[in-house]
Amino acid sequence: MKRQVSLEEISDGKLYELNDMVKADCNGCKGCFSCCKGMGQSIVLDPFDMFQITSNLNLKFEQLIGDKIELNVVDGIILPNLKMTGVQEQCGFLNAQHRCSIHSFRPGICRLFPLGRYYENHSFRYFLQVKECKKENRSKVKVKKWIDIPNIKENELFIINWHYFLNDIQQKIQENSNTLDIRSINLFLLNHFYVTPYNAEEEFYKQFNNRLEQAKMALM
Ligand code: SF4
Ligand code: SF4
């Protein structure tokens with residue numbers, strides 16, 4: 001989701017790379033679950049998140065929608081996000097002990113928090129959101145250790161490709177809103193990247209790259 005705020009307002013003004021140390025480590029959160037509730041529609045899921053959740057829980061997209069995830073329009077495109085429910089508006093994956101029940105395969109945005117991504121020049125770096133995490137006195141940690149995701153360089157490449165692909169589609173929709181069938185484009189994207197199951201036994205990135213090429217041929 002694009003945010004129209006200056007980095008100076010929300011961060012410590014620095015941009016970080018994978019091997020940099022950043023003051024993000026909240027030491028296991030210890031009793032806090034603030035960023036797992038009241039997050040509105042902001043925890044948007046990408047195709048890798050969907051692959052991880054569906055293959056680890058052995059569930060289909062259709063079994064998650066309504067209860068754990070919902071659909072919303074993000075900059076003109078329909079995308080799934082984690083659904084906040086109940087009086088406390090908390091994530092459906094939070095367990096009775098207020099811990100994440102899908103911690104080892106939680107979505108990318110949850111892994112990053114309180115870091116964010118700053119995109120430029122067909123790439124991105126990380127920034128520290130200084131007002132978001134409720135824990136004071138966080139420790140320094142290496143960015144890649146904090147994110148803690150296997151094949152992180154390949155994951156970064158996927159994130160870049162997905163982000164700029166969505167950017168191109170958003171721009172195309174904006175520029176041709178009178179002539180394009182926007183509903184059909186959105187249905188295609190949703191089915192192609194989220195609803196159609198990925199093969200849990202095969203590497204995700206190869207499957208995604210194939211789907212991306214197909215989508216570019218169909219839409220661009
Ligand atoms: S998936 Fe886990 S870490 Fe992310 S908001 Fe839900 S409970 Fe919190
Ligand atoms: S707000 Fe900070 S300390 Fe609290 S759960 Fe989120 S990351 Fe952990």
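The values are calculated or read from the model by the stated rules, or taken from the named source; none is laboratory data. Keep in mind that what you see is a predicted model, and the values were worked out from it rather than measured. No Cβ is skipped: glycine too gets one built from the backbone with ideal geometry, and neighbour counts run over all protein chains shown. Please note that ligands, DNA and RNA were not included when accessible areas were found on the heavy atoms of the full protein model with its side chains. Shrake-Rupley method; radii C 1.70, N 1.55, O 1.52, S 1.80 Å.
Tabulated data for the structure shown
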item: Answer from 121, 167 - the residue that is free of Cβ contacts under 8 Å to residues at least 12 places away in the same chain and open to solvent by less than 50 Å² (accessible area, probe 1.4 Å); result: 167
item: Where a residue in region 37-59 is within 23 Å of residue 167 (Cα to Cα) and without any contact (Cβ under 8 Å) to a residue 40 or more places away in the chain and its partner, wherever it lies, is crowded, with 16+ Cβ neighbours inside 10 Å and not charged (D, E, K, R), with Cβ under 8 Å and at least six apart; result: none
item: Filter result (open to solvent by 30 Å² or more (accessible area, probe 1.4 Å) and either small (Gly, Ala, Ser) or within 20 Å of the chain's Cα centre (by Cα) (or both)) within region 172-191; result: 177, 184, 187, 188, 191
item: Residues within region 31-69 that are touching a Pro at 6+ places or on another chain (Cβ under 7 Å) and open to solvent by 40 Å² or more (accessible area, probe 1.4 Å), tallied; result: 1
item: Flag if residue 100 is within 12 Å of ligand 1 (Cβ to nearest atom), more than 14 Å from the chain's Cα centre (by Cα) and crowded, with 20+ Cβ neighbours inside 10 Å; result: no
item: Check on residue 155, over 19 Å from residue 118 (Cβ atoms) and in a helix (DSSP H, G or I); result: no
item: Test: residue in region 7-30 that is among the small types (Gly, Ala, Ser) and open to solvent by less than 20 Å² (accessible area, probe 1.4 Å); result: yes
